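The values are calculated or read from the model by the stated rules, or taken from the named source; none is laboratory data. All figures in this text were calculated on a predicted structure; none of them were measured in a lab. Neighbour counts run over all protein chains shown; Cβ positions are idealised from the backbone, glycine included.
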Amino acid sequence: MSTVRKVDDPAEFAEIDGIDLDDIDAITEYEAESIAVMADSVIETFTDIGASAASQEFIQALFDNNLAGSETFLAWDQLVEIADTLEGMLTEQIRAGAVEAIRQLPETPATIRYSFDASNPLAVEVARSRAAKYIRDITEEQRALVRQIVVDAVSGGYTVDDVAFMVRNSVGLHERWQRAVTRQYGRNLADLLAQGIPAGRARTLARRSNAAYYDRLLTARGRAIARTEILSAHNEGRWLAWQDAIRDGVAPTNAMKMWRVRVPQVPDSPCDYCLPFNGETVPWDDEFSAGVLMPPLHPNCVCTATLVFPDDAEYVSGRL
């Protein structure tokens, strides 16, 4: 299956002030709808975790100086509630990617009779595995971030209220953005206090500004997660369809695949990072030089791959 390489690249920030990839032709209407639904679900879940009754227990634990156990009170189990929704959307995108890949095969009598079964069990299995991995990875990531926030904030001399606020405004972000939010709050608070503004008022103003910044980043993170997961599933579906087609003699065993950057003409595209791979051709079941079996390569990546038939196409007898 395809994997997403972790890269330290400005592409991760592209949607903050750059283009909105949902508005360009590279994203199909079906993909865009699925991305929007999943992003809303992810953002809502993170928001609910921060505002949940369990988060109040977290705050109380901080007041009681139970720093070591405080993060366990946060309602991370709420993430599991989106697993079914996520699994269903990923399954549909795997199937959609497979259908698209099949549609692009040369039109021969064999191709016409070939289809990717709508109930393909492998599509369901892959989607379930991706959904489970997402829940597991994001939960561990969030737990680690909260622990670090508590340690940093307490050692930095913040009040318990400050710590609780910073945790609420970090739920759902990755480490780099979480640190950006925390730093902004500290700078704003220090500036306001230096201006002689009373502490209570200074904290209110700093939190108001920080909350708006957090909301902006959370929206971007939710959409980046959704876009990466949905397009990963779509590309996995394409690969699974190729696998079936080659096994059944519909496509040649020596078929190749070509990396396609779908938005090379868009200035400052997140996929500028992928331009060196555009047009690269490798055997259909080999990794690209980027180190992945299929795109995407980085957060917000919208690249895809297409099957290429060599002149000396070799077929096997199929089961049609």
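The set of residues in region 252-270 that are small (Gly, Ala, Ser) and at pLDDT 85 or above contains only Ala255.
Being more than 27 Å from Glu44 (Cβ to Cβ), in a helix (DSSP H, G or I) and of a type in the set (Lys, Arg) holds for only one residue in Arg227, Arg238, Arg221, and it is Arg238.
Here is a yes/no grid of residues against (1) closer than 20 Å to Leu79 by Cβ; (2) surrounded by 18 or more Cβ atoms within 10 Å (Cβ to Cβ); (3) modelled with pLDDT of 80 or more:
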residue: Arg136; (1), (2), (3): yes, no, yes
residue: Tyr158; (1), (2), (3): no, yes, no
residue: Phe165; (1), (2), (3): no, yes, yes
residue: Glu175; (1), (2), (3): yes, no, yes
residue: Gln184; (1), (2), (3): no, no, yes
residue: Ala190; (1), (2), (3): no, no, yes
residue: Asp215; (1), (2), (3): yes, no, yes
residue: Thr219; (1), (2), (3): yes, no, yes
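When region 163-218 is filtered for residues that are small (Gly, Ala, Ser) and either part of a loop (DSSP other than H, G, I, E, B) or in contact with a Leu (Cβ under 9 Å, 6 or more places away or on another chain) (or both), the ones remaining, listed by number, are Ala164, Ser170, Gly172, Ala180, Gly196, Ala199, Ala202, Ala206.
Got at least one residue in region 67-85 being in contact with a Gly (Cβ under 7 Å, 6 or more places away or on another chain) and either charged (D, E, K, R) or at pLDDT 60 or above (or both)? No, every residue in region 67-85 fails to be in contact with a Gly (Cβ under 7 Å, 6 or more places away or on another chain) and either charged (D, E, K, R) or at pLDDT 60 or above (or both).
Within this structure, Tyr273 fails the test of being without any contact (Cβ under 8 Å) to a residue 60 or more places away in the chain, part of a helix (DSSP H, G or I) and in contact with a helix residue (DSSP H, G or I) (Cβ under 9 Å, 6 or more places away or on another chain).
Looking only at residues in region 282-295 that are surrounded by 14 or more Cβ atoms within 10 Å (Cβ to Cβ) and more than 18 Å from Gly97 (Cβ to Cβ), the one that is farthest from the chain's Cα centre (by Cα) is Val282. With respect to being at pLDDT below 75 and under 30 Å from Phe309 (Cα atoms), Ile112 fits the description. The residues on offer are Ala313, Ala241, and the sole one that is more than 22 Å from the chain's Cα centre (by Cα), surrounded by 22 or more Cβ atoms within 10 Å (Cβ to Cβ) and at pLDDT below 90 is Ala241.
A quick yes/no check of all residues on (1) more than 17 Å from Ala39 (Cβ to Cβ); (2) among the charged types (D, E, K, R):
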residue: Lys133; (1), (2): yes, yes
residue: Val150; (1), (2): yes, no
residue: Asp191; (1), (2): yes, yes
residue: Ala220; (1), (2): no, no
residue: Arg227; (1), (2): no, yes
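Among the residues of this structure, Gly50 does not count as one that is small (Gly, Ala, Ser), modelled with pLDDT under 80, in a helix (DSSP H, G or I) and surrounded by fewer than 15 Cβ atoms within 10 Å (Cβ to Cβ).
Here's the yes/no breakdown for (1) of a type in the set (D, E, K, R); (2) in contact with a His (Cβ under 8 Å, 6 or more places away or on another chain); (3) within 30 Å of Gly88 (Cβ to Cβ):
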site	(1), (2), (3)
Arg130	yes, no, yes
Thr139	no, no, yes
Arg143	yes, no, yes
Val163	no, no, no
Val167	no, no, no
Ala180	no, no, no
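Considering region 138-156, the residues that are closer than 17 Å to Leu217 by Cα and not hydrophobic (A, V, I, L, M, F, W, C) include one that is surrounded by the fewest Cβ atoms within 10 Å (Cβ to Cβ), namely Glu141. Residues that are acidic (Asp, Glu) and either touching a helix residue (DSSP H, G or I) at 6+ places or on another chain (Cβ under 7 Å) or in contact (Cβ under 8 Å) with a residue 24 or more places away in the chain (or both) within region 278-307 comprise just one, Asp285. The condition of being of a type in the set (A, V, I, L, M, F, W, C) and over 19 Å from Ile49 (Cα atoms) holds for only one of Ala194, Ala211, Ala226, Ala220, that being Ala194.
Going residue by residue through region 135-144, is there one that turns out to be assigned to a helix (DSSP H, G or I), small (Gly, Ala, Ser) and under 30 Å from Asp84 (Cβ atoms)? Checked region 135-144: at least one residue is assigned to a helix (DSSP H, G or I), small (Gly, Ala, Ser) and under 30 Å from Asp84 (Cβ atoms).
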